[in-house]
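Scroll down for the structure; my scribbles are underneath it.
Just so it is clear, none of the values below were taken in a lab; they were calculated from the coordinates. Just so it is clear, the structure is predicted and the values come from calculations on it, not from any experiment. Every residue, glycine as well, gets a Cβ built from its backbone with ideal geometry; the counts of neighbours run over all protein chains shown.
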Amino acid sequence: MTFDLTPPLFKLENVSYAYENTVPALDSINLEIHSGEKIVLLGANGCGKSTLLKILDGLYFPTSGRVAYSGTTLGEAVFRDEAFNAAFRSKVGLVFQDSDVQLFLPTVHDEVAFAPLQLEISQEEVRERVEKALQALHIEGLRERAPHQLSSGEKKKVALASLLTLKPQVWLLDEPAAGLDPRTVAWLTEFINEQGDSGKTILLATHDLELTRSVADRVCLLNEAHQITFDGATLEVLANQELLSSTNLI
């Protein structure tokens, strides 16, 4: 038996979150995430998966408990430090379930260029990153299109390209296959696995069992009480029909 002795990239200790301090979304979450893992946060709608991703992205902070990134406790105070905020935002990126939430500029090119323009890098490097992202996502032909005129699959690719320009080490993906046709889901699965194979840390929230089977090395299963009820090997949880039924996934 081997043990991973490296410090966790993220560590959550007894993390709970309630909207407006009354509506529970997460309850006593304990979780360690190590660099290079491909983890699926699996659960039915409303179990807290999206909330957990937003906590990992520093958009929400726990109602109680502690979440740490590389040993640093995440909270409002630490994000007021411009150096930490810039470093964290360049390494950890979130792709929302609804791409329309994320896309707000007039053209695809503007969307993909927006994030690297916020970094202290040259205009030449920004152009280079944008071109590489457009090519990697096969959307060069969309560069002058308005994002709101695109299909769901095209919007998802633009959102992914926008994140790719930051060269993040951590990809947080919220229901990335929602609303996509089978061909685009197959492409997305390959893209996610390519990022994982290159050493990136992947956390993907979904209720899709087939996508889970295709991308996850590890599964954290959330139940409808907003707790982690299983944390382990993908094939083990997918073979447990009783557990999947009790969490409203089958």
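Volume of the convex hull of region 95-187 (Cα atoms only), normalised per residue: 94 Å³. Measuring between alpha carbons in the structure, the pairs from Lys11/Lys49; Lys11/Lys38; Lys11/Lys91; Lys132/Lys156; Lys11/Lys132 lying more than 21 angstrom apart are Lys11/Lys132. With the cut-off at 1.5 for a/c, could you classify region 32-73 from its C-alpha gyration tensor as rounded, prolate or oblate? Oblate, since a/c reaches 1.5 and b/c is not below a/b.
Rounded, prolate or oblate: which one fits region 1-103, using the alpha carbon gyration tensor with axes a ≥ b ≥ c (rounded when a/c is under 1.5, else prolate when a/b beats b/c, else oblate)? Rounded, because the longest to shortest axis ratio a/c is under 1.5. Seen against the Cα atoms of the chain and their longest principal axis, helix 108-117 is set at about 70 degrees.
Against the chain, whose longest principal axis comes from its Cα atoms, helix 182-197 is set at around 80 degrees.
The charge dipole of the chain, taken about the Cα centre with unit charges on the Cβ atoms of Lys, Arg (+1) and Asp, Glu (-1), comes to about 180 debye, rounded to the nearest 20. Length, then width, then depth: along the principal axes, the Cα atoms of the chain run 50, 43, 42 Å.
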